[in-house]
Amino acid sequence: MIERRSRLARVVQVEIPVLAIVLFALAPYAWMVITSFKPNEEIAQWPVAYWPSEGTLQHYRDLLARTTFAGNLLNSFIVAVGAVTVGLLVSVPAAYAFSRFRFRGRRFLMVQFLVVNMFPIVLIIIPLFVLMRALGLLDTFLGVIAGHSTFAIPFSIWMMTSYMNAIPPELDEAAIMDGASRLQTIRLVILPIVMPGIVTTGIYIFVTSWNEYLFAMMLSGQNVRTVTVALQLFIGEFTVQWGLLTAGGTLVAIPVTILFLLVQRRLVGGLTAGAVKS
Amino acid sequence: MTSLVTAGARSRALMTPYAFLLPALVVTAAVILVPVLQTAWMSLHDFVLFRPKDVPFIGFGNFQRMWNDEVFWISLGHSFLWIALVVGFQFLLGLGAALLLNESFWWRGIARSLIIVPWALPSVIIGLMWTWMYDFNVGVINDGLLRLGLISEPVAWLAHPDTAFYAVILALIWQGFPFFAVVVLAGLQTIPAELYEAAEIDGASRFQKLVYVTLPSISEVIATALLLRTIWVANSLDVILVMTGGGPGYATHTLPLYAFLKAYSGMEFGYGAALALVLTALLLVVVFIYVRRVARELSR
């Protein structure tokens, strides 16, 4: 706002409240990371020791050496890359159609892609399990990726359409005038310009797929189990070993936090367009 | 001959957009449309997974059963309370955060980035970290409240029917308030400075500027965000599933969670499908309002 607050007023009315909110946002995360470096005796200590007297990497070593966690990380990575690939491959052409053509059913179809994105997950997940079982796709990468494409495709269609709408149609027309075919125009004009949009959309699909839990739990078994499912199973398997769990949580959370911070600014436009699930 | 060629070319040109759409439509039909139709079919049958050969058609039997199912009504009630509290507090906290982050101070950029961290995290980890903090024996929340003298003995937050629901709600508020902060902040940045200058010339106080300038300017953004958030929160079940699994008893059952548990643990896919359909039907009203707002901008 326009008027200037005095320095003291700014500290009291703005900076201290902001600090409180930031602490609220970060505290649970920080507590998880701190716990993961504590030796077991201190984790079980009461009253709680807030800072480890001696940091240890033991939980991380145990996690990677004695559990399936490393394999689960790889599975999550494969599934997420698969979801990004499927999502982008089918939605970039679709977004091009929505952005560059005015055809019968355009509005109807766009709205449908929005509506399916809002369906409750339970509406889709129950029959998808039955379907995958009938097709023999339970516990395969293809099955989990198919599950994740239920949210990856509608989201990326909406994001990519808005990115393509931002490119002036005059650019396409100029290319056509110069004798380029439609596919050449797409390859040489459109794709290079929307590349940042494609990267943002791809990263967001990656993060969402990496974080996803319900589809992964329903559709995967031992062979393709992802990290989120594995972490949840640790709770039952070991009589809640908080050191292992928090170490695993930290390893899973840090890469996506970084990726998410990278793209979030460019997502804001898509947020209110309803495309971004959160 | 030439007219034939042009007719062919024209119809090909007409088909072009559909050709570009084809892959997306085929995949979406396979992973969404077919399952939804199957849900409708299952809801009319007594479909239990371990009895795949014997799936009798029972008409609206599943829906009748729901009407007499006490757990359905408990879950439905929880769902309404859940949406109201989670969305309400996420919004208030997000609005407050956005207004503060719109002020200028030297570390504003960092604060704006850090505040969205909860949003980036997987729900399993959110459930995990909060379960750990709520721990009865060595949880940091009991420890802090004891030190502050707010409670006299440790509380089993997630095991007690009176507190479990609200404990999960707090975790969800934490997860979702950054969404509102980011969206509202983006809206605040579009308000022209002239409006504030004019209000100041008219002698408006800071509070009056908030009520008469800021809030009306971002009311559209807020309405869209509230609708969207209501839909996501109504559908969300993963954090509850991780933290309490719906318990103790039915204390943290919501409608989507009940549908999921019926299918996943109970193997009663027919009944689970019927519950999912009822949830969808209830949500359709909100989805309809939301989609109409967005579609208005599509007509261009």
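Of the helices (runs of 4 or more DSSP H) lying entirely inside segment B:3-115, those containing at least 3 residues that are modelled with pLDDT of 90 or more are B:70-101.
Starting from residues that are aliphatic (A, V, I, L, M), more than 7 Å from every other protein chain (Cβ to nearest Cβ) and not in a helix (DSSP H, G or I), keep the ones in segment B:116-172 and report whichever is nearest to B:Val183 (Cα to Cα). It comes out as B:Leu158.
When B:Arg296 is tested against (1) surrounded by 21 or more Cβ atoms within 10 Å (Cβ to Cβ); (2) of a type in the set (Lys, Arg); (3) more than 10 Å from chain A (Cβ to nearest Cβ), just one condition goes unmet, and that condition is (1). For segment B:242-258, the candidate set comprises residues that are more than 16 Å from the chain's Cα centre (by Cα) and of a type in the set (A, V, I, L, M); within that set, the residue that is surrounded by the fewest Cβ atoms within 10 Å (Cβ to Cβ) is B:Ala251. Taking B:Ala24 as the residue in question, decide whether it is out of contact with any helix residue (DSSP H, G or I) (no Cβ under 6 Å at 6 or more places or on another chain), within 14 Å of chain A (Cβ to nearest Cβ) and on the phi < 0 side of the Ramachandran plot. Criteria not met by B:Ala24. Taking B:Trp157 as the residue in question, decide whether it is aromatic (Phe, Trp, Tyr), surrounded by 22 or more Cβ atoms within 10 Å (Cβ to Cβ), over 23 Å from the mean Cα position of the chain (by Cα) and within 24 Å of A:Pro52 (Cα to Cα). For B:Trp157, the condition - aromatic (Phe, Trp, Tyr), surrounded by 22 or more Cβ atoms within 10 Å (Cβ to Cβ), over 23 Å from the mean Cα position of the chain (by Cα) and within 24 Å of A:Pro52 (Cα to Cα) - is not met. Of all residues in segment A:203-225, those satisfying the criterion of being more than 10 Å from every other protein chain (Cβ to nearest Cβ) and in a loop (DSSP other than H, G, I, E, B) are A:Ser220, A:Gly221, A:Gln222, A:Asn223, A:Val224, A:Arg225.
Scoring B:Tyr290 on the criteria (1) closer than 21 Å to B:Thr230 by Cβ; (2) free of Cβ contacts under 8 Å to residues at least 60 places away in the same chain; (3) surrounded by fewer than 24 Cβ atoms within 10 Å (Cβ to Cβ) leaves a single failure, condition (2). Per this entry, A:Gly87 is not counted among residues that are farther than 30 Å from A:Glu170 by Cα, small (Gly, Ala, Ser) and in contact (Cβ under 8 Å) with a residue 12 or more places away in the chain. The single condition from (1) without any contact (Cβ under 8 Å) to a residue 12 or more places away in the chain; (2) within 12 Å of another protein chain (Cβ to nearest Cβ); (3) not β-branched (Val, Ile, Thr) that A:Ala70 fails is (2). For B:Leu261, the conditions (1) touching a residue at least 60 places away in the same chain (Cβ under 8 Å); (2) in a helix (DSSP H, G or I) all hold with the exception of (1). Considering each residue of segment A:137-154 in turn, none proves to be facing chain B (nearest Cβ under 7 Å), surrounded by fewer than 23 Cβ atoms within 10 Å (Cβ to Cβ), aliphatic (A, V, I, L, M) and assigned to a helix (DSSP H, G or I). With respect to B:Ile218, determine if the residue is crowded, with 19+ Cβ neighbours inside 10 Å and within 20 Å of A:Met118 (Cα to Cα). When the stated conditions are applied, B:Ile218 does not pass them.
For segment A:17-41, the set of residues classified as more than 10 Å from chain B (Cβ to nearest Cβ) and more than 24 Å from the chain's Cα centre (by Cα) consists of A:Phe37, A:Lys38, A:Pro39, A:Asn40, A:Glu41, listed by residue number. Looking at B:Asn68, B:Asn102, B:Asn62, just one residue is more than 20 Å from the chain's Cα centre (by Cα), exposed (fewer than 12 other Cβ atoms within 10 Å of the Cβ) and of a type outside the set (Gly, Ala, Ser), and that residue is B:Asn68.
The values are calculated or read from the model by the stated rules, or taken from the named source; none is laboratory data. None of these values were measured; they are calculated from a predicted model. Note: ideal-geometry Cβ built from the backbone for every residue, glycine included; neighbour counts use all protein chains shown.
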